[in-house]
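Chemist: Take this structure, written in structure tokens, and hold onto it; I'll ask about it next.
The values are calculated or read from the model by the stated rules, or taken from the named source; none is laboratory data. Please read all numbers here as calculations on a predicted model, not as lab measurements. Note: ideal-geometry Cβ built from the backbone for every residue, glycine included; neighbour counts use all protein chains shown. Heads up: the accessible areas ignore ligands, DNA and RNA and are worked out on the full protein's heavy atoms, side chains in. Shrake-Rupley method; radii C 1.70, N 1.55, O 1.52, S 1.80 Å.
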Amino acid sequence: MVQLVGSLRKELADSLSTCRVLVVGAGGIGCELLKNLVLTGFKNIEVIDLDIIDVSNLNRQFLFQKKHVGKSKAQVAKESVLQFCPTANITAYHDSIMNPEYNTEFFRSFILVMNALDNRAARNHVNRMCLAADIPLIESGTAGYLGQVTVIKKGLTECYECQPKPTQKTFPGCTIRNTPSEPIHCIVWAKYLFNQLFGEEDADQEVSPDTADPELAWNVEEAAARATASEKDGDIRRVSTKEWARSTGYDAVKLFTKLFKDDIMYLLTMDKLWKKRKAPLPLDWQKLKSNALPQEDCPGTGLKDQQVLGVWASCQLFQHSVETLRAQLKNKGDGAELVWDKDDTPAMDFVTSAANLRMHIFSMNMKSRFDVKSMAGNIIPAIATTNAVIAGLIVLEGLKILAGELESCRTIFLNKLPNLRKKLLVPCVLDRPSKNCYVCASRPEVTVKLNVHKTMVISLQDKILKERFGMVAPDVNIEDGKGTILISSEEGDTEANNNKFLSDFGIRNCSRLQADDFLQDYTLIINVIHTEDLERDVEFEVVGDAPDKAPPPSTNQEEASSSIANGNKDSAQPSTSSKAASEADDVMIVDSDDEEQGASSSSAATSAGTKRKHHDAETGESSSKRLRTNQSSGAASADDDDDDDIIALD
């Protein structure tokens, strides 16, 4: 056992052995963090992560080995870390941090909480739970070479939700392959599929379950046997999707059956995946064809690209696009490859139809061709060294907190290149809480513009309260003097209200609603402004800071291309881990205040009205801190930040 002792004061070293800390996420950052904690002297650690170990995790999550594929990240991380320090008392939870049992009292049992998450929903939730429990939180995130660490303390610093954040657009590969929870996951999957069938193959972009791959074995003994077998073969064997497709002559119906029926049925055999998620529904070509309605073949009203096709119409579009792309590939000759281009009609038809069919299978609302086209993206790899640096910084900030030196804590940014002062790590003084924050203000209140005659109660619950304001199980009362209950978190109590309009309950311009989330110990007052002037396809607007209107990216071309951040996965049951991640969190960039870079980047920030000055902890100089627009999940919690390759969408 190796342990850091001599460099710490005796009082601090003693407190490390007795204090209880919670680590949320056991992925890229989480693995490094757990190792650092036990080697520093922390003895009482609890770690929670919903994910299982995927083969693609093994290149950076060093606590995991091939034999662990298919097992719980949290449990295996615990077992591996105990080899560094057998006397440590580590408790592992293979679960979602958003489950009700992890309530305020649970959080109050810790002296410190450390996030290693990969999705915004879980980050928001942990932020609120730490505020409710008045426990310090260390938030972190990575995205490629970029990273950041910050400390959050109720009443003293900004909370995670004090500043608007851009829409997150990065996600890990295991989420895309096995457990998609948002349309974007399905769109990225469809783009992977295009490359696997018609373009340049990439083993890390495999889209379907592979019976020769131990990552899909849920039974522990079976996983071990497959891992052993793969070792004998020298490595894990993956079936090439392209080779299989060629053997069928790119038969569209056979491709459909494999991708949307057989592979989904195989996923269903991994029953533990679906205990806390809604199980997917396999599709059968013949049944869909026989049950198709005549009107499905007829075009709807409005622009063609903005129409959302039905399931059978999507099947037909899939078939037509496969046949067209097959012909294009044949015309190019043996060994030819197609390059996906959003402006190429057959390629766009293929991605649109495949993504929508997968959305339907996983119970998501299907999207128009226009929406799908707007969400194309690139893959940016998670980097192990970035995770290691950020995990080290988390522990250093934690030591300051335990030593009672909260005033010396900093927000620290890891940049891709050193600034003119030769610094890769740039510390900034922690900001005070925002007076307008709808989470940590003394009486959180927001104003929402919507059309009360067109907005349904279910939209208020799912899109506004849960998705936009991060609630988990909201209860809503109308402040009408009667205490009318509009939404109840008790199952079945108010389901009859779901498809009624807000106006049906007397809600009108200037009405006030009180939304309570008892799990988060959080209350939000919502002022309703009735309007009929919203843009097309916009259901509501939040007056004031809107997260979807983040500052523009840096004008520096190289910097802009790498600007992603930890991400999001705004699902009903977000993982604590990597899935969303890389998504880790929103990574912010600190511009150098040197004359060379400062001019262009500062002007961009200033024009957006978002530039804020922060004193550099080392030099006392100021640097501007602003949100990175392309960011998304890199941070990683559970880490998905890690978890897999980060997908960054333009």
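Chemist: Grab the beta carbon distance between D343 and N527, set R0 = 51 Å, and tell me the FRET efficiency rounded to 0.05. Could you put the intermediate results ahead of the total?
Modeler: On the way: r = 43 Å, r/R0 = 0.85.
FRET efficiency, D343 to N527: 0.75.
Chemist: Provide the solvent-accessible area of L303, counting protein heavy atoms only and rolling a 1.4 Å probe, rounded to the nearest 10 Å².
Modeler: Roll a 1.4 Å probe over it and L303 shows about 110 Å².
Chemist: Ok, one more. Contour minus end-to-end for E405 and Q306, with contour as 0.36 nm per residue of separation and end-to-end as the Cα-Cα distance? Kindly include the intermediate steps, with their values, before the conclusion.
Modeler: Values: separation 99, 0.36 × 99 = 35.64 nm, distance 5.55 nm.
Stretched out fully, the E405 to Q306 stretch lengthens by 30.1 nm.
Chemist: Got a sec? Charge dipole of region 114-157, +1 on Cβ for Lys and Arg, -1 for Asp and Glu; which of A133, G144, N115 is way out at the positive end?
Modeler: Sorting the options by dipole projection puts first A133.
Chemist: Run the dipole for region 2-85 about the Cα centre, Lys and Arg Cβ at +1, Asp and Glu Cβ at -1, nothing else charged, and hand back the magnitude in debye, nearest 20.
Modeler: 180 debye
Chemist: Once you place label points 7 Å from the Cα toward the Cβ at K500 and Q83, how far apart are they in nm?
Modeler: 6.0 nm
Chemist: Measure up K278/K454; K78/K278; K289/K463; K154/K272 against 30 Å on the Cα-Cα distance and list the ones that go over. All intermediate terms of the calculation are to be shown ahead of the outcome.
Modeler: On the way: K278/K454 28 Å; K78/K278 28 Å; K289/K463 33 Å; K154/K272 37 Å.
Beyond 30 Å: K289/K463; K154/K272.
Chemist: Something else about it: Using only the Cα atoms of region 445-486, build the gyration tensor, take square roots of its eigenvalues as a ≥ b ≥ c, and label the shape rounded, prolate or oblate: rounded if a/c is under 1.5, else prolate if a/b is larger than b/c, else oblate.
Modeler: Because a/c hits 1.5 or more and a/b fails to exceed b/c, region 445-486 counts as oblate.
Chemist: Given K449/K500; K261/K287; K191/K373; K73/K400, which pairs have Cα atoms separated by over 21 Å?
Modeler: Listed pairs above 21 Å: K73/K400.
Chemist: Right, next: How would you classify region 53-202 from its alpha-carbon gyration tensor, with a ≥ b ≥ c the square roots of the eigenvalues: rounded for a/c under 1.5, else prolate if a/b is greater than b/c, otherwise oblate?
Modeler: oblate
Chemist: Suppose R0 equals 35 Å. What FRET efficiency, 1/(1 + (r/R0)^6) with r the Cβ-Cβ distance, do E105 and N365 give to the nearest 0.05? Intermediate values should be presented prior to the final figure.
Modeler: Details: r = 37 Å, r/R0 = 1.05.
So, using R0 = 35 Å, E works out to roughly 0.40.
Chemist: Something else: When ranked by the protection proxy of mean other Cβ atoms within 10 Å per residue, highest first, what sequence do the peptides 334-343, 495-504, 447-456, 108-117 form?
Modeler: Highest mean packing first, the order is 108-117, 447-456, 495-504, 334-343.
Chemist: Over region 1-96, with every protein chain in place, what whole percent of the accessible area is carbon and sulfur at 1.4 Å, could you tell me?
Modeler: About 53 percent, which is the carbon plus sulfur part of the accessible surface.
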